[in-house]
Amino acid sequence: VKITRRQWIGLGLGSVPVLAVADAFLVEPGWIRQTDVVLDPGRRTCRLVHFTDLHYRGDELALLALVKRIDRLAPDLVCFTGDIAEELKYADEALKILRAMKAPLYGVPGNHEGWSGVDAGKISEAFAATGGAWLPDRWAYALSSQVRITGVDQAPGKATPEEGKLNILLMHYPAFADRLEGKKFDLILAGHSHGGQVRLPLVGAPVVPFDVGKYQRGLYSTPAGPLYVGTGIGWYGVRARFLCRPEIAVITV
Ligand SMILES: [Fe+2]
């Protein structure tokens, strides 16, 4: 059988959707990328790992591998910006794995902490076991008090930086960056968007959740300071990602 040039082209083009679907369902959801960001090369007070939106659904090996990967990066501290477990029944196992993290782990709740009904005391206890803290509308010092980490739950307006410290702000919802009432932070971290999770060439993300606004993923300059929005580890809806791999960010600030 002789295949003409036109038929070859047809075959090639025809395979594009098949490859895209295979990528979205089989490749990207489990293929975590590392993004490196150096905010101020002259300062370098702190090197942290940011991850977000775990949406843990019982994939123990994947979470163990993630914690090991973060441990190997040996950051000064680790920041998490919400959505630990997809459902209440997965929360204990997720916390059991997270509490073994070597660097101090700081975090704030996402919408799934509220929806799943997970006990905030248990989360708090697991984060404290790493030397870090769970910070819903609270703050803590880190790194021999050089760093002040402020966490937002529902009240971004209450978040206050402290003079003379490196001020890091953790929040779930990227759009909260516009509700910080003129205050300035050295770094703001957020999640929730999943980067859109599925992005189309030229179009971008057809769907993003509420309270993402214009801050879908990556680094933004905002009036309140540099904002980094992580694409998250897990997924909502179906286990699919396209042109939007899950991510951990190594940020030097
Ligand atoms: Fe999420």
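Bear in mind that the values in this text are calculations on the coordinates, not laboratory data. Since this is a predicted model, take the numbers as computed values, not measurements. Cβ sites come from the backbone with ideal geometry, for glycine too, and all protein chains shown count toward neighbours.
Could you give the dipole magnitude of the range 1-151 about its Cα centre, charging the beta-carbon of Lys and Arg +1 and that of Asp and Glu -1, in debye to the nearest 20?
760 debye
Can you give the FRET efficiency for Arg57 and Val203, using 1/(1 + (r/R0)^6), R0 = 30 Å, r = Cβ-Cβ distance, to the nearest 0.05?
Rounded to the nearest 0.05, the efficiency is 0.60.
Counting DSSP beta bridges in the chain, what percent are antiparallel, to the nearest 5?
35 percent
Quick one: Karplus J couplings for the range 75-92, per residue in order, coefficients 6.51, -1.76, 1.60, θ = phi - 60°, nearest Hz, x for Gly and Pro?
Going residue by residue, I get x, 5, 7, 10, 10, 10, 10, x, 6, 6, 10, 5, 9, 3, 5, 9, 5, 4 Hz, with x marking Gly and Pro.
Could you tell me which of rounded, prolate or oblate describes the range 80-223, using a ≥ b ≥ c as the square roots of the eigenvalues of the alpha-carbon gyration tensor, with rounded for a/c under 1.5 and, failing that, prolate when a/b is larger than b/c and oblate otherwise?
Because a/c hits 1.5 or more and a/b fails to exceed b/c, the range 80-223 counts as oblate.
How much length would be gained if the chain were fully extended between Arg179 and Leu11, taking 0.36 nm per residue of separation minus their Cα-Cα distance, in nm to one decimal?
That works out to 55.3 nm of additional length.
Using the Kirkwood radius over Cα pairs, work out the Stokes-Einstein diffusion coefficient for the range 78-150 at 37 °C and 0.692 mPa s, in µm²/s as a whole number.
My calculation gives 268 µm²/s for D.
Take every Cα pair under 8 Å in the chain that's 6+ residues apart, average their separations, divide by the length, and report that relative contact order as a whole percent.
Once normalised by length, the contact order is 25 percent.
How would Met101, Met171 line up from fewest to most surrounding beta-carbon atoms within 10 angstrom?
Met101, Met171
About the Cα centre of the chain, how large is the charge dipole given +1 on each Lys and Arg Cβ and -1 on each Asp and Glu Cβ? Please answer in debye to the nearest 20.
Result for the chain is approximately 980 debye, rounded to the nearest 20.
May I ask you to evaluate 6.51 cos²θ - 1.76 cosθ + 1.60, the Karplus curve with θ = phi - 60°, for each residue of the range 230-237 and list the ³J(HN,Hα) values in order in whole Hz, giving x for glycine and proline?
3J(HN,Hα) across the range 230-237, in whole Hz: x, 7, x, 9, x, 8, 10, x.
Sort Arg57, Arg44 so the one with the fewest other Cβ atoms within 10 Å of its own Cβ comes first.
Arg44, Arg57
Mind ranking 184-191, 245-252 by how tightly packed they are, going by the mean number of other C-beta atoms within 10 angstrom, highest first?
184-191, 245-252
Which aspartates and glutamates have a Cα lying under 12 Å from the Cα of Lys214, excluding residues fewer than 8 positions away in the same chain?
Of all the aspartates and glutamates, those that pass the test against Lys214 - Cα under 12 Å, at least 8 places apart if same chain - are Asp178.
Along the Cα→Cβ direction, 7 angstrom out, place labels at Ala65 and Lys214. What is the inter-label distance in nm?
3.8 nm
Neighbour counts of other C-beta atoms within 10 Å: give me Glu93, Glu163 arranged from fewest to most.
Going from sparsest to densest Cβ surroundings: Glu163, Glu93.
Which ³J(HN,Hα) values, rounded to whole Hz and listed in residue order, are derived for the range 25-32 from phi using the Karplus coefficients 6.51, -1.76 and 1.60 in 6.51 cos²θ - 1.76 cosθ + 1.60 with θ = phi - 60°, glycine and proline given as x?
My calculation for the range 25-32 gives 9, 9, 9, 4, x, x, 10, 6 Hz in order.
Show me the ranking of peptides 102-112, 1-11 by mean Cβ neighbours inside 10 Å, starting with the highest.
Sorting 102-112, 1-11 by mean packing, highest first, produces 102-112, 1-11.
If the cut-off is a Cα-Cα distance under 16 Å, which lysines reach Lys102, setting aside same-chain residues fewer than 8 apart in sequence?
Straight-line reach from Lys102, under 16 Å: Lys68.
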